[in-house]
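First comes the structure, then the notes that go with it.
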Amino acid sequence: MNRILAPLALLLSLTLLAGCQKEEEAAPAPAALVAPADGDDMAWKEYLGKVVAQNQAGVTDRIFPYYLPNNSDTLTESDQDGRTQYARQLENVSAVVARTVLPGNMLAFGSPDSAKMADLIVASFTGAEPTALKGSIVLFIGTPADSERVKPVVEASGATYVFVEAK
């Protein structure tokens, strides 16, 4: 009786294993994300959140997102101190880089104005200590040309640089 049950149990196990593998293979790949064509802040923030979610491998602590709208250099009624959104973000990011960032954290940067965000990152990271972001991840969502400017200053801070093209 054992002679019959042993091969039958093995056959059943292999059948179940094959079924599991087919389910894994059938799982759909994540949909390619498409950047909003316009400068709609809400659509861009949603897009950036999704890109960050797809690229958070290696993050064991917190994610710090930084966003600039298209008109980040203009003053609005709410800018009572006379500083633009760009100036505020530049001050914030520069202070974070100067204080250093703990390993396992991610700084995520994105904007419909890739060049302006790249300017902000380059200005904030230039002169950073070589270990200021060691073990941290910096995600930049923008254009390849801007990535070429951002990558060397981010890597000089000890961070792992991740680039996602905003398409």
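Before moving on, here are some points about what is shown:
- For the condition at pLDDT below 95, assigned to a loop (DSSP other than H, G, I, E, B) and β-branched (Val, Ile, Thr), VAL96 does not qualify.
- Tally, over region 139-153, of residues that are in a helix (DSSP H, G or I) and touching a strand residue (DSSP E or B) at 6+ places or on another chain (Cβ under 8 Å): 5
- Candidates PRO69, PRO112, PRO144, PRO130: the one that is closer than 16 Å to GLU165 by Cα and either touching a helix residue (DSSP H, G or I) at 6+ places or on another chain (Cβ under 8 Å) or among the small types (Gly, Ala, Ser) (or both) is PRO112.
- Top-ranked residue of region 36-72 - restricted to ones that are assigned to a loop (DSSP other than H, G, I, E, B) and under 14 Å from the mean Cα position of the chain (by Cα), ranked as nearest to SER111 (Cα to Cα): ASN55
- Extreme residue, nearest to SER72 (Cα to Cα), among residues of region 118-167 that are among the polar types (S, T, N, Q) and surrounded by 23 or more Cβ atoms within 10 Å (Cβ to Cβ): SER124
- Residues located in region 140-167, provided they are of a type outside the set (S, T, N, Q) and in contact (Cβ under 8 Å) with a residue 60 or more places away in the chain: ILE141, VAL162, VAL164, ALA166, LYS167
- Whichever residue in region 97-117 is of a type in the set (Val, Ile, Thr) and out of contact with any strand residue (DSSP E or B) (no Cβ under 7 Å at 6 or more places or on another chain) and, among such residues, is surrounded by the most Cβ atoms within 10 Å (Cβ to Cβ): VAL97
- Hey, GLY104 closer than 29 Å to GLU165 by Cα and at pLDDT 80 or above or not: yes
- Breaking point among (1) of a type outside the set (Lys, Arg); (2) closer than 24 Å to GLU46 by Cβ; (3) touching a residue at least 24 places away in the same chain (Cβ under 8 Å), for THR74: (3)
- Residue match in region 127-138 (condition: assigned to a helix (DSSP H, G or I), of a type in the set (Asp, Glu) and touching a residue at least 24 places away in the same chain (Cβ under 8 Å)): no
- Identity of the residue in region 103-126, aliphatic (A, V, I, L, M) and outside any helix (DSSP H, G or I), that ends up nearest to GLY39 (Cα to Cα): ALA108
The values are calculated or read from the model by the stated rules, or taken from the named source; none is laboratory data. Just so it is clear, the structure is predicted and the values come from calculations on it, not from any experiment. Neighbour counts run over all protein chains shown; Cβ positions are idealised from the backbone, glycine included.
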